[in-house]
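The values are calculated or read from the model by the stated rules, or taken from the named source; none is laboratory data. In this text the structure is predicted, and so the values were computed from the model without any measurement. Cβ: placed from backbone, ideal geometry, glycine included. Neighbour counts: every protein chain shown. With ligands, DNA and RNA removed, areas are computed over all heavy atoms of the protein, side chains included. Shrake-Rupley method; radii C 1.70, N 1.55, O 1.52, S 1.80 Å.
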Amino acid sequence: MTMLGIMAALPQELGDLVAQMHAAGAVETVTLGQREYHVGHAHGVRVVATLARIGKVAAAATASALIHVFKVDAIVFTGVAGGVHANVRVGDIVIGDTLLQHDLDASPLFPRYEVPLLARSHFAADPSFSDALALAAASFIADEGSALAERFAVHAPRVHRGLIVSGDRFVASNEGVLALRDALPDALAVEMEGAALAQVCFEHAVPCAVVRTISDTADAAAPESFAEFLVAIAGAYSSGILVRFLRSVH
Ligand code: ADE
């Protein structure tokens, strides 16, 4: 039976996953490198759920532990992101089909964004896990989208698939988001972990997938929008997507 690693940066981004695991049966909690790894079942799937905390190093270290210590077969990251593309709005869901580190630049030794000595800048997520996440996100929106839109004053939410960019920077200025759009016109969303997870998973041939709900549009209003979204809604999105996803892969 598949063992799935499920990561998020902050507690709200895991939704009710750990509570669901306790409701489903015994959960073993292992502390390693100042992180707690919860090993058990959720919605019929064997899972290891953990919080990476924020940033690429944190995500890479956590992904390594999931692969080497907990022997997971695949890793899914769930959380929030800033919208970069003009079509991506707060409350939308983005599935990262490919991921790139927008702050990686070893030029002129290597082309901008390329991971030195790996000869690539873009890392692909696993297509079948990404398809399953996209279906789960669409079904969540079909069931709960209008209630969410009404309750939280977001537009009718939509699902997007494409490029997510990651870096060790919370993007929170109009110039910052415009610079990202200019440099990486395909980028749908920006966050701080996904591409690090994707690089580690590529290096170990472990499938991964990333799903992000848009909490802000990475502009001057981002800090306030992010904080409000995280507390009020992020958990509902993560729980609603994960339950549908886990039931579909089980
Ligand atoms: N995660 C959520 N919003 C973000 C932003 N604006 N920049 C980086 N990571 C984010």
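Table for the structure above
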| read-out | value |
| --- | --- |
| Radius, Kirkwood style, for the chain when every pair of distinct Cα atoms is counted (Å) | 17.9 Å |
| Ranked packing of 238-244, 40-46, most packed first, by mean Cβ within 10 Å | 238-244, 40-46 |
| Separation of alpha-carbon centers, region 133-191 and region 204-225, rounded to whole Å | 7 Å |
| ³J(HN,Hα), Karplus 6.51/-1.76/1.60, whole Hz, each residue of region 123-138, x for Gly, Pro | 10, 7, 7, 5, x, 6, 5, 5, 4, 5, 5, 5, 5, 4, 5, 5 |
| Calculated FRET efficiency for the pair Ser248/Ala147, C-beta based, R₀ 22 Å, to 0.05 | 0.50 |
| Amide hydrogen neighbours beyond the local backbone of Val47, cut-off 5 Å, H modeled | Leu4, Gly40, His41, Ala42 |
| Accessible area of the chain belonging to carbon and sulfur atoms, whole % at 1.4 Å probe | 56 percent |
| Electrostatic dipole magnitude of region 83-173 [Cβ: Lys, Arg +1; Asp, Glu -1; Cα centre; debye, to 20] | 200 debye |
| Nearest-0.05 FRET efficiency for Glu224 and Val30, computed from C-beta distance (R0 30 Å) | 0.25 |
| Table column - 3J(HN,Hα) (Hz), region 219-230, Karplus curve with 6.51, -1.76, 1.60, x for Gly and Pro | 10, 4, 7, 4, x, 5, 4, 4, 5, 5, 5, 4 |
| Residue-normalised accessible area of the chain, expressed per residue, 1.4 Å probe, Å² | 42 Å² |
